[in-house]
Amino acid sequence: MAPSFDNESSLFNFVVRDGNGVKGIVDSGISMVPQAYIQPPAEQINKNNATKCEIPPIDLSKLDGHEHDQVANQIVRAAETLGFFQVINHGVPLELLESLKQTAHNFFALPAERKAVYRKEVSPSPLVKYGTSFVPEKERALEWKDYISMAYTNDDEALQQWPIECRDDALQYLKTSHEMVRKLLESLMGNLGVELDDSNIDVFIGKKMVNMNFYPTCPNPELTVGVGRHSDMGTLTILLQDGIGGLYVKVPEEADMENKGEWVEIPPIPGAIVINVGDMLQIWSNGRYKSAEHRVRTTSTKSRVSIPIFVSPQATQKIAPFPQVVEKDGVARYSEFVFADYMNSFFDNAHDGKKSLEFAKAN
């Protein structure tokens, strides 16, 4: 018999404090989404209304040949319009991608007490955090998601402190994707007149983190969301999604493409990795590149996993639009700030579309 969560406090304690997560609610045998997870009607996702994004993936192997300029232009065009694109022939071994998905399922299948040791309040390492939703304390409606977050400092610390069940695959994913990230940034920065090399790459990707996200099956997927509307705060997000689908991106109103202002689904492509532009790239480019507003739907049929790598500047890095871009545009659309302050603002608020960027808006 399913436990009765007779008030939000007992539900919150079971899910958050005791480390059971959303998976614990589902495993308890519920037949209806608890009230705390029911989103306002405007935030609910009707999958029957969504268009699938049919943009073909970008073949990154062609960056090394005579089609380099053409492919670089495809990357730039994607960053300027939707802020989201998929890549193939990216250099991350396909067998590793398959292993990562299984590893994520294995981690979340562990007993609650094994995962709960990594809760933010008690985690033995500041690098590792297990949690649920985004900022449960601040949200009007909780998100149907559990996650493990692993910050990277160096290989030794990762091997010592990341959970043994997922550290090897997660570290390999981070390392094998580095060359792909560098190539993407070379194209994006080059288009803005910024040369990328070993001396300055850490300005853009000095901080790295691997997450494993778990979206348990949901009895009423139309009432809740896996992740609410938001853009990512960093430079780029490198996302592996499984074959189930449920990732939606909002087409900007100003985009030169169809479905303006609508949500489109990013369908899984076998062997592909999803790339999305973060807020820092939008700010450095003075608004030319668009950080992608996105959200995730839940499903009633199968639990879904996704594994993002977030690359960002170091916390102490000063951020402002590139002077050469401002000179061309004639105006700076964002003020200078320190990335740590932006992070604090981002994590102090529930997801709310691209509101996070207001922190940096020029007066």
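The values are calculated or read from the model by the stated rules, or taken from the named source; none is laboratory data. Since the model is a prediction, treat every value here as computed from it, not as a measurement. Cβ coordinates were reconstructed from backbone atoms using ideal geometry, including for glycine residues, and neighbour counts include every protein chain displayed. For accessibility, only protein heavy atoms count, side chains too; no ligands or nucleic acids. Shrake-Rupley method; radii C 1.70, N 1.55, O 1.52, S 1.80 Å.
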Which ones in the stretch 304-329 are among the small types (Gly, Ala, Ser) and at pLDDT 95 or above?
SER306, SER312, ALA320
Could you go through the stretch 42-62 and let me know if any residue there is more than 26 Å from ALA255 (Cβ to Cβ), modelled with pLDDT of 90 or more and of a type in the set (Val, Ile, Thr).
no
Residues in the stretch 186-226 that are closer than 19 Å to VAL305 by Cβ, open to solvent by 10 Å² or more (accessible area, probe 1.4 Å) and among the aliphatic types (A, V, I, L, M): how many?
1
Of the residues that sit in the stretch 120-133 and are open to solvent by less than 30 Å² (accessible area, probe 1.4 Å) and in a loop (DSSP other than H, G, I, E, B), which one is modelled with the lowest pLDDT?
SER133
Taking the condition touching a residue at least 40 places away in the same chain (Cβ under 8 Å) and in a helix (DSSP H, G or I), does LEU110 pass?
no
If you check VAL305 against the conditions, is it open to solvent by 30 Å² or more (accessible area, probe 1.4 Å), among the aliphatic types (A, V, I, L, M) and over 28 Å from ASN73 (Cβ atoms)?
no
Residues being among the charged types (D, E, K, R) and either surrounded by 10 or more Cβ atoms within 10 Å (Cβ to Cβ) or not in a loop (DSSP other than H, G, I, E, B) (or both): count how many of those fall in the stretch 45-58.
2
So how many residues does the stretch 265-282 have that are in contact with a Phe, Trp or Tyr (Cβ under 7 Å, 6 or more places away or on another chain) and more than 22 Å from ALA151 (Cβ to Cβ)?
3
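Conditions tested, residue by residue: (1) without any contact (Cβ under 8 Å) to a residue 40 or more places away in the chain; (2) under 23 Å from ARG304 (Cβ atoms); (3) open to solvent by 40 Å² or more (accessible area, probe 1.4 Å).
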position: GLU43; (1), (2), (3): no, yes, yes
position: LEU60; (1), (2), (3): no, no, no
position: GLN74; (1), (2), (3): yes, no, yes
position: PHE84; (1), (2), (3): no, yes, no
position: GLU98; (1), (2), (3): yes, yes, yes
Return yes or no: is SER300 in a helix (DSSP H, G or I), of a type in the set (Ser, Thr, Tyr) and at pLDDT below 95?
no
Taking ALA170, is it over 18 Å from HIS294 (Cβ atoms) and either of a type in the set (A, V, I, L, M, F, W, C) or open to solvent by less than 50 Å² (accessible area, probe 1.4 Å) (or both)?
yes
Check on THR176, of a type outside the set (Gly, Ala, Ser) and under 24 Å from LEU159 (Cα atoms)
yes
Which one of these is in contact with a strand residue (DSSP E or B) (Cβ under 8 Å, 6 or more places away or on another chain) and of a type in the set (A, V, I, L, M, F, W, C): VAL33, VAL87?
VAL87
Residues in the stretch 102-119 that are in contact with a Ser or Thr (Cβ under 9 Å, 6 or more places away or on another chain) and surrounded by fewer than 23 Cβ atoms within 10 Å (Cβ to Cβ) total 3
Determine whether ASP69 is at pLDDT 95 or above, open to solvent by 20 Å² or more (accessible area, probe 1.4 Å) and touching an Asp or Glu at 6+ places or on another chain (Cβ under 9 Å).
no
Under 14 Å from the mean Cα position of the chain (by Cα) and open to solvent by 20 Å² or more (accessible area, probe 1.4 Å): which single residue out of GLU258, GLU327, GLU293 fits that description?
GLU293
